[in-house]
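To start, the structure under review is shown below, and the notes come after it.
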Amino acid sequence: MNSIFYKQSGRLLLLVLLLLSCKSGMAQSDSYLPADKVASDFTSLLKRPATPFRPSFEVTRTDSVIIEKGFIYSEANEKIPILIYKPVHTKLKSFPVVICLHGTGGNKSQGDIKRFLYKFSTMGIMGIAIDARYHGERLTDSLKATGGYVGAITRAWQNTDSSHQEHPFYFDTVYDLWRLTDYLITRPDVQPKRIGMTGISMGGIETWMAASVDKRIKVAVPMIGVQSFKWSLENNKWQGRVGTIKGAHLQAAKDLGDSAINQQNILQLWNKVVPGITGEFDCPSMIRLFAPRPLLILNSELDQNCPLPGAKIAFSAAAATYESAHATDKLKIYVAPNTPHKVTPEHEQMMFEWFGKWL
């Protein structure tokens, strides 16, 4: 049995999913490709030539934290800006790590991300954040002039050279996260078997995408990012997610001769820019790959970007897999009641406690 927790009227109500006797849940699970194939296909899709990291960091030591700011390269011409907070009041020479990922339009230095990094440092954990593609330091003035993140997705949609196809909508940043992990395990101050990952919204999506496939990520907490893209599209609940990159969708609709965004032109853009996102690389399929590692899923009841009925499909897929792996103690799912698309203080507290327990 697995549990989903909803907090209502100051008390916890426990909903128990009897998945082994739930025919609909098992039918959904049976429709997925084998986990090994999903992992192999996703890795192959994102694969690109390896390049030296060429790391460069500046170190600042304060009374409360050691801060490193710098970069590595994930591709020959792709620099990943990195912010690191390390514990200062310790004699330890190496630390567990949590990678923290921002949402759409955010950056590694925004208030909540820096707060996460600092909190982890007080827990004896190294906190690390990066700027996603076309965000933060990676969003240059010239890129801003051409539409920034949405402009990059639009260009990826309009690209006619299949040998040079960008995937700025999630996938390219997922590749950066794999290369970041490659780099981290080379550092003497990192405990390579104790790496975790968490993220907000877009960062939550990148968390379940990157961590599900990369087994070096031992603990994960995707926040307000677990959903079913397929369910949202098929049930006319795509508006919240599409709205995060609306300009790209408007251009796709125009290019396809449509007067408005609709299910068909959304699917065509997704099939090119995030291929497989309504199939084998959708969350219900990929979330299974994280079992039996500790996984805490944090969602919200009224989230328009991650509609709850679709998210429940992913919850069930995860729960069934953890049930089969005899690891139900390592899965927890919490849905904040009457809450839109935002991270609550309770989400944050549960996230820190999860890493404190399992990492």
Worksheet item: Being over 16 Å from the mean Cα position of the chain (by Cα), in a loop (DSSP other than H, G, I, E, B) and under 19 Å from residue 348 (Cα atoms), is that true of even one residue in region 196-205?
Response: no
Response to the item:
Of the conditions (1) closer than 24 Å to residue 167 by Cα; (2) touching a Phe, Trp or Tyr at 6+ places or on another chain (Cβ under 6 Å); (3) aliphatic (A, V, I, L, M); (4) surrounded by 23 or more Cβ atoms within 10 Å (Cβ to Cβ), the single one that residue 298 does not satisfy is (1)
Worksheet item: Looking at 345, 340, which one is closer than 20 Å to residue 242 by Cα, of a type outside the set (Lys, Arg), modelled with pLDDT of 95 or more and surrounded by fewer than 21 Cβ atoms within 10 Å (Cβ to Cβ)?
Response: 340
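Do we have residue 51 as among the hydroxyl-bearing types (Ser, Thr, Tyr), modelled with pLDDT under 95, surrounded by fewer than 19 Cβ atoms within 10 Å (Cβ to Cβ) and in a loop (DSSP other than H, G, I, E, B) here? Walk me through it before giving the result.
Numbers: among the hydroxyl-bearing types (Ser, Thr, Tyr): yes; modelled with pLDDT under 95: no; surrounded by fewer than 19 Cβ atoms within 10 Å (Cβ to Cβ): yes; in a loop (DSSP other than H, G, I, E, B): yes.
For residue 51, the condition - among the hydroxyl-bearing types (Ser, Thr, Tyr), modelled with pLDDT under 95, surrounded by fewer than 19 Cβ atoms within 10 Å (Cβ to Cβ) and in a loop (DSSP other than H, G, I, E, B) - is not met.
Can you find, within region 78-94, the residue that is nearest to residue 197 (Cα to Cα) among those that are outside any strand (DSSP E or B) and in contact with an Asp or Glu (Cβ under 7 Å, 6 or more places away or on another chain)?
94
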Worksheet item: Assuming residue 108 fulfils every condition listed in (1) touching a Cys at 6+ places or on another chain (Cβ under 9 Å); (2) modelled with pLDDT under 95 apart from one, which condition is it?
Response: (2)
Worksheet entry | Among residues of region 144-160, those that are surrounded by fewer than 16 Cβ atoms within 10 Å (Cβ to Cβ) and aliphatic (A, V, I, L, M), counted | 1
Item to complete: Those residues that are surrounded by 18 or more Cβ atoms within 10 Å (Cβ to Cβ), closer than 21 Å to residue 159 by Cα, among the hydrophobic types (A, V, I, L, M, F, W, C) and free of Cβ contacts under 8 Å to residues at least 60 places away in the same chain, I need them from region 230-266; list them, please.
Response: 242, 253, 261, 266
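The values are calculated or read from the model by the stated rules, or taken from the named source; none is laboratory data. Being a predicted model, the structure only gives us computed values, none of them experimental. For neighbour counting, all protein chains shown are included, and Cβ atoms are generated from backbone atoms with ideal geometry for every residue, glycine included.
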